[in-house]
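The values are calculated or read from the model by the stated rules, or taken from the named source; none is laboratory data. These numbers were taken from a predicted model, which means no experiment stands behind them. Backbone-built Cβ (ideal geometry, glycine too); neighbour counts: all protein chains shown.
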Amino acid sequence: MRLVTHGDAAPSSVNRYLLPHETQHIMVRRHPAVLLRPVAEVFGGLIIAGLLSRFFGGGDNGTALVVVWWLWLLLLIRFVWKVAEWSVDYFVVTSKRILLTTGLITRKVAMMPLTKVTDMSFQRSLMGRMLGYGEFILESAGQDQALSTVEYIPYPETLYLEVCAMLFPSDDKGDD
């Protein structure tokens, strides 16, 4: 099974980090639940801005009203930024490595070779179970790694089984 979001080709933002001899097996974006907090901030800010507009609506409070809506506009810009960041963040598993690419302007690539992974688990909060995401925890022989947790992974059970199958391949050659 191959879990790749865009057919067989990785987007250029990910493809440039793959080695020529690697085959890509899994590539997914983080779950959209990562955007819940920015969405709540924008809607909460909109409600507050609307209430303050009603409060400052009359009299000589034009400057205060402009400041309130400019602050809300900043929240909206921050939300758009978070969505843009989410759109370029990928969790990738190749035949050799596990990668997490993040960042819109400052690109960060956290990586762990599959051969270094000694233990892998995942956990799901109540919200994660309701919305369908989880968190992977990777461990490597007592070493601190650049990639130790990956949050907001979609369909974590399926991905967990797929990654475990790559980490611990079956020794069964079919000689029953």
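Looking only at segment 83-109, filter to residues that are in contact with a Ser or Thr (Cβ under 9 Å, 6 or more places away or on another chain) and assigned to a helix (DSSP H, G or I); which one of those is surrounded by the fewest Cβ atoms within 10 Å (Cβ to Cβ)?
Only one residue fits best here, namely VAL88.
Could you identify the single residue in VAL109, VAL117, VAL92 that is without any contact (Cβ under 8 Å) to a residue 60 or more places away in the chain and on the phi < 0 side of the Ramachandran plot?
Going through VAL109, VAL117, VAL92 in turn, the sole match is VAL117.
Out of ARG54, ARG29, ARG16, ARG107, report the one residue that is more than 21 Å from GLY134 (Cα to Cα) and touching a helix residue (DSSP H, G or I) at 6+ places or on another chain (Cβ under 9 Å).
ARG107 is the lone residue from the list that is more than 21 Å from GLY134 (Cα to Cα) and touching a helix residue (DSSP H, G or I) at 6+ places or on another chain (Cβ under 9 Å).
For segment 110-120: of the residues being out of contact with any helix residue (DSSP H, G or I) (no Cβ under 8 Å at 6 or more places or on another chain) and under 16 Å from ILE153 (Cβ atoms), which is surrounded by the fewest Cβ atoms within 10 Å (Cβ to Cβ)?
Across segment 110-120, the extreme among qualifying residues is ALA110.
Hey, among GLY50, GLY134, GLY45, which residue is in a helix (DSSP H, G or I) and either crowded, with 16+ Cβ neighbours inside 10 Å or of a type in the set (S, T, N, Q) (or both)?
Exactly one residue qualifies, and that residue is GLY45.
Being surrounded by 11 or more Cβ atoms within 10 Å (Cβ to Cβ) and not aliphatic (A, V, I, L, M) is the filter; apply it to segment 53-69 and report the residue that is farthest from the chain's Cα centre (by Cα).
Per the stated criteria, the residue is ASN61.
Scan (1) under 18 Å from VAL14 (Cα atoms); (2) at pLDDT below 85; (3) not small (Gly, Ala, Ser) for the single condition ASP172 breaks and write down its number.
Against the list (1) under 18 Å from VAL14 (Cα atoms); (2) at pLDDT below 85; (3) not small (Gly, Ala, Ser), ASP172 comes up short only on (1).
Could you tell me whether THR23 is of a type outside the set (A, V, I, L, M), within 16 Å of ILE153 (Cα to Cα), touching a strand residue (DSSP E or B) at 6+ places or on another chain (Cβ under 7 Å) and in the same structural domain as ILE153 (by TED's automatic domain parsing)?
In short, no.
(1) within 27 Å of PRO11 (Cα to Cα); (2) at pLDDT 95 or above: which one isn't true of PHE43, the others all being true?
(1)
Considering only segment 138-150, I want to know if a residue exists there that is under 13 Å from VAL92 (Cα atoms), modelled with pLDDT under 90, within 16 Å of the chain's Cα centre (by Cα) and not in a helix (DSSP H, G or I).
Yes: one or more hits.
Suppose the filter is surrounded by 13 or more Cβ atoms within 10 Å (Cβ to Cβ) and farther than 21 Å from VAL39 by Cα; does LEU159 pass it?
Against the criterion (surrounded by 13 or more Cβ atoms within 10 Å (Cβ to Cβ) and farther than 21 Å from VAL39 by Cα), LEU159 qualifies.
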